[in-house]
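Just below is one structure, and these are the notes that go with it.
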Amino acid sequence: MSGLIDASLIVLVAVVVIARQFRACRLDSERRWWLLPVLLVVLALREPGLLDAQHHTASVLLLGAELLVGLATGAGWACTTRIWAEPDGIVWSRSSPASVAVCAVGVGLRAGLFALGAAVGVHQDSSALLLGLAGTLLIRAGILAWRGQSLRPGATPSRAYGDGTAWSVGRERG
């Protein structure tokens, strides 16, 4: 894929996923929550420009840092997401305002890594960004699925880190 198509795909996936998370969404443990991240990994790995051949070590370090930032962002996003179960057993989730801060820090760190790579002359492809986004989505979805399995129907909602508001059981309006 060309760089423009990759960039468009990244922006589209990020906008859709992030926008969906700030309204109440049903967590379905049977759903294939891992499918989108796997698709992003396949798209990232099918292109040959993942590592810069002239700056192999720096390129590997930047890719590793990108993946760590992606995993940390996904974990932070999952920990700042509210989840609750209705009396009928349906589990819901909704990202909290703290999730916005986690996402903003993740984007800032990724921009900083890109700037660092550009400063040292490492050619960077969008494949690394796709891998980081896949890691973010995979960790977030996995943690939410794990948290959702521990809820009892009608239980008090699981409070998200940084959540200072009172909650009532039931679907949020948003």
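Within the range 78-99, being outside any strand (DSSP E or B) and of a type outside the set (Gly, Ala, Ser) holds for Cys79, Thr80, Glu86, Pro87, Asp88, Ile90, Pro97.
Conditions tested, residue by residue: (1) open to solvent by less than 60 Å² (accessible area, probe 1.4 Å); (2) outside any helix (DSSP H, G or I).
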residue: Leu12; (1), (2): no, no
residue: Val17; (1), (2): yes, no
residue: Leu51; (1), (2): no, yes
residue: Gly76; (1), (2): yes, no
residue: Ala101; (1), (2): yes, no
residue: Val105; (1), (2): no, no
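Enumerate the pairs (first residue in the range 17-37 and at pLDDT below 75; second residue anywhere and polar (S, T, N, Q)) with beta-carbon separation below 6 Å, excluding pairs fewer than 6 apart on the same chain, so at least 6 apart or on different chains. Going by the 6 Å Cβ cut-off, the qualifying pairs are Gln21/Ser95. For residues that are more than 14 Å from the chain's Cα centre (by Cα) and of a type in the set (D, E, K, R), scanning just the range 115-148, find the one that is modelled with the highest pLDDT. In this case the residue turns out to be Arg147. Hey, among the residues in the range 110-147 that are of a type in the set (A, V, I, L, M, F, W, C) and within 19 Å of Pro48 (Cβ to Cβ), which one's surrounded by the most Cβ atoms within 10 Å (Cβ to Cβ)? Out of the qualifying residues, it is Leu130. Within the range 90-110, residues that are under 22 Å from Leu68 (Cα atoms) and at pLDDT 90 or above have Cβ atoms under 7 Å from residues that are of a type in the set (D, E, K, R) and surrounded by fewer than 20 Cβ atoms within 10 Å (Cβ to Cβ) in these pairs: Ala98/Asp163, counting only partners at least 6 apart in sequence or on another chain.
The values are calculated or read from the model by the stated rules, or taken from the named source; none is laboratory data. Quick caveat, the model's predicted, so the values are computed rather than measured. Every residue, glycine among them, receives a Cβ derived from its backbone with ideal geometry; neighbour counts consider all protein chains shown. For accessibility, only protein heavy atoms count, side chains too; no ligands or nucleic acids. Shrake-Rupley method; radii C 1.70, N 1.55, O 1.52, S 1.80 Å.
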